[in-house]
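Novice: Below is one structure. I have some questions about it.
The values are calculated or read from the model by the stated rules, or taken from the named source; none is laboratory data. None of these values were measured; they are calculated from a predicted model. Cβ coordinates were reconstructed from backbone atoms using ideal geometry, including for glycine residues, and neighbour counts include every protein chain displayed. We work out accessible area using only protein heavy atoms, side chains counted, and drop any ligands, DNA or RNA first. Shrake-Rupley method; radii C 1.70, N 1.55, O 1.52, S 1.80 Å.
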Amino acid sequence: MTSPDDRVLFDADSEKRIATITLNNPAQRNSYDATMRDTVARYLDRVAEDDDITVVLLRGADGVFSTGADMNNAYGWYGDERSREVGAPPARRAGGQKATEGGGKSTKSRPSQRRRLTVDRKSFGFYHNLMGFPKVTVGEISGYALGGGFEMALMTDISVIGRDAKIGMPATRFLGPALGSLHMFFHRLGPVLARRMLLTGDIIEAGAIEHLGIFTDTCDPASVPARARYWAEKAAKMPADGVVIAKEAFRLVEQSQAYQGEEVASYLFHAYGTNLQFAPGEFNFVKTRAQHGTKEAFRLRDEHFHVPEPE
């Protein structure tokens, strides 16, 4: 079964008790926009209510898990990025400067803080649902797991990843380290690795941290699909009622030990983090993208943040 635009695929095998959700946007390395994310959420709701399904396998098409939120649509998550109507009150840019041109006509306006909070609260509701999902979640993680893709990989109960898979939170180089989900990063990665990845925006290979046991199964890239299916079938043998009870118990333990306050802190941190003021010489992705286009903005980002290691 497919979603209307075929960018999210769904299949349910009641005999094996496994549902499969596939991010199917390979032209953009399975990055996703709000519509795709909402489609995934609807399929998750369907699985949660289906007594014949015990496990959901989350994967990406064409050997790539996901590169996270579609940065071609940066800030578009908060509404129309383009100019407001002529005659509307002039918007304000960072630093308090009015964004106007001509006879009081406003140009690209920054989303208000209330808009950011409203949208981010809904967005993080998706991640909270995934973290506390009542069925077993298995991640088939190949190629890239970046940004929101990395978060989803870490949120799965059982994660199978290729040693060559690139993982990280590169958007910290756009918005700073407080992207939300901080409780999850510190709990799942540990404080040392979490700080390193969030404070530098480094993208690393999964094999480099295999010894830390971050993922359930780190294997050769070609083995990822078969290994993920193996773990899904293994978990699907468990008593369905027992799985649901256990998942709720796991959620209670994690909420009391690791995630206390996370539900509010995640979207609050993210909403504030998207409202940075950039000093001269700092890299502003949204401004650079507007001036040079997305592809060139990524190149300039990498050039800006490149620091050669000492010999």
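Novice: Would you tally the residues in the range 204-225 being within 11 Å of ILE161 (Cα to Cα) and either assigned to a helix (DSSP H, G or I) or open to solvent by 50 Å² or more (accessible area, probe 1.4 Å) (or both)?
Specialist: The number of residues fulfilling the criteria is 11.
Novice: Also, I was wondering about something else. Which of the residues that make up the range 9-57 are open to solvent by 30 Å² or more (accessible area, probe 1.4 Å), outside any loop (DSSP other than H, G, I, E, B) and closer than 22 Å to VAL224 by Cβ?
Specialist: Within the range 9-57, LEU9, ASP11, ALA12, ASP13, PRO26, ALA27, GLN28 meet the criteria.
Yes or no, residue by residue, for (1) without any contact (Cβ under 8 Å) to a residue 24 or more places away in the chain; (2) under 13 Å from the mean Cα position of the chain (by Cα); (3) farther than 28 Å from LYS295 by Cβ:
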| position | (1), (2), (3) |
| --- | --- |
| ASP6 | yes, no, no |
| PHE10 | no, no, yes |
| GLU15 | yes, no, yes |
| LEU23 | no, yes, no |
| ASP33 | no, yes, no |
| VAL55 | no, no, yes |
| GLY63 | no, no, no |
| ALA69 | no, yes, no |
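Novice: Condition first: part of a loop (DSSP other than H, G, I, E, B) and open to solvent by less than 30 Å² (accessible area, probe 1.4 Å). Now tell me which residues in the range 237-261 satisfy that.
Specialist: Hits for the range 237-261 are ALA258, TYR259.
Novice: For residues in the range 262-311 being part of a helix (DSSP H, G or I) and β-branched (Val, Ile, Thr), which is most open to solvent (accessible area, probe 1.4 Å)?
Specialist: Per the criteria, the residue is VAL264.
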